[in-house]
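In what follows, a single structure is set out as structure tokens and then discussed.
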Amino acid sequence: MKIAIIDDEPKELRLLASLMKQQLSAFGYTENVIDYFYSGEEFLAAFRPGRYELILLDIYMGRMSGIDTARKIRKQDPEVFLVFSTSSNEFASESYEVNARYYLRKPFSEKDISDMLKRLDLKNYEFSRSVTLPDGQILLLRNIICTEYYNHIVTIYNKKGDNIRTRISQTEFERLLQPYLYFCRCSKGVLANLYEVTEQEGNCLAMSNGKIIYVSRRKTKDVQNAYTNFLFDRMRKELKE
């Protein structure tokens with residue numbers, strides 16, 4: 001899971017990051033990346049849609065408040081989970097405007113973080129996560145089985161509904177999916193959703209729709225390692241549930 005924490009108080013930021021790491025591990029999230037930012041301006045300079053599943057923002061910060069930062073985030077990413085951290089409810093009405101999912105009251109505790117993760121239900125959220133293509137089509141990420149690029153067109157094989165074809169460069173398309181670690185590049189122009197792999201043998205992946213994906217010799221080791229790590233991570237999560 002990819003998370004951003006924005007707070008201009010280093011002590012508060014470190015405490016929240018430490019509690020988040022503890023509770024994410026307790027909830028079975030083992031592959032987590034937490035990025036730290038000390039201002040809204042610093043965060044927005046690095047932000048792009050789809051980069052994070054969860055963003056935690058302090059409301060009272062320097063020149064740009066957490067609310068103002070959230071408004072700018074929402075113009076680019078309508079789906080990412082936003083959580084405000086604050087010592088008061090002064091901005092409660094503004095939080096509805098940006099569809100904030102939770103309020104964390106300072107000072108934080110382990111129980112506060114645990115309660116937040118239960119309320120957010122991020123595991124179910126994963127199944128509704130989507131990206132928007134340049135032509136306006138919306139892709140549900142977990143519906144994607146695999147994708148192929150040929151002659152400036154990406155074909156997206158879906159679990160539900162018809163396959164989708166869109167004109168986009170492979171570089172731009174891979175950039176859209178890059179934040180989601182279960183997508184793996186198998187060869188030039190071919191991506192596989194590791195959730196949809198039914199069998200791996202040698203340099204081939206059998207997909208849930210019956211399609212066989214051939215892994216290039218140069219990518220064989222990387223794909224094998226990615227799939228092995230993916231399976232171990234799923235196993236650890238299932239044992240904790």
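The values are calculated or read from the model by the stated rules, or taken from the named source; none is laboratory data. Small disclaimer: the values here were computed from a predicted structure and weren't measured. Cβ sites come from the backbone with ideal geometry, for glycine too, and all protein chains shown count toward neighbours. Ligands, DNA and RNA are excluded from the accessible area calculation, which covers all protein heavy atoms including side chains. Shrake-Rupley method; radii C 1.70, N 1.55, O 1.52, S 1.80 Å.
Looking only at residues in the range 29-40 that are open to solvent by less than 50 Å² (accessible area, probe 1.4 Å) and over 16 Å from the mean Cα position of the chain (by Cα), which one is nearest to Thr132 (Cα to Cα)? Before the answer, list the steps.
The first filter runs over the range 29-40 and keeps only residues open to solvent by less than 50 Å² (accessible area, probe 1.4 Å), leaving 29, 34-35, 37, 39-40.
Okay, now just the ones that are also over 16 Å from the mean Cα position of the chain (by Cα), so 37, 39-40.
Values: Phe37: 26, Ser39: 27, Gly40: 24 Å.
That would be Gly40.
List pairs: first residue in the range 87-100 and of a type in the set (S, T, N, Q), second residue modelled with pLDDT of 70 or more and surrounded by 11 or more Cβ atoms within 10 Å (Cβ to Cβ) anywhere in the structure, Cβ distance under 6 angstrom, at least six positions apart or on different chains.
Ser87/Lys106; Ser95/Phe84
Does the range 189-207 hold any residues that are open to solvent by 60 Å² or more (accessible area, probe 1.4 Å) and either part of a loop (DSSP other than H, G, I, E, B) or among the β-branched types (Val, Ile, Thr) (or both), and which are they?
Within the range 189-207, Thr198, Asn203 meet the criteria.
Test Phe43 against the criterion of being modelled with pLDDT under 95, of a type in the set (Phe, Trp, Tyr) and crowded, with 21+ Cβ neighbours inside 10 Å, and give yes or no.
Considered against the rule, which asks whether it is modelled with pLDDT under 95, of a type in the set (Phe, Trp, Tyr) and crowded, with 21+ Cβ neighbours inside 10 Å, Phe43 comes out as no.
Only residues that are surrounded by 13 or more Cβ atoms within 10 Å (Cβ to Cβ), in a helix (DSSP H, G or I) and either among the charged types (D, E, K, R) or at pLDDT 90 or above (or both): list them for the range 74-97, please.
Arg74, Glu94 - these are the residues of the range 74-97 that are surrounded by 13 or more Cβ atoms within 10 Å (Cβ to Cβ), in a helix (DSSP H, G or I) and either among the charged types (D, E, K, R) or at pLDDT 90 or above (or both).
Check Asn193, Asn151 and return the single one that is at pLDDT 95 or above, over 15 Å from Gln137 (Cα atoms) and either in contact with a Cys (Cβ under 8 Å, 6 or more places away or on another chain) or not aliphatic (A, V, I, L, M) (or both).
On inspection, the qualifying residue turns out to be Asn193.
Quick check: is even one residue across the range 228-241 modelled with pLDDT under 95 and outside any helix (DSSP H, G or I)?
Within the range 228-241, the first condition is being modelled with pLDDT under 95, and the residues that meet it are 228-241.
If we keep only those that are outside any helix (DSSP H, G or I) too, we end up with 241.
Checked the range 228-241: at least one residue is modelled with pLDDT under 95 and outside any helix (DSSP H, G or I).
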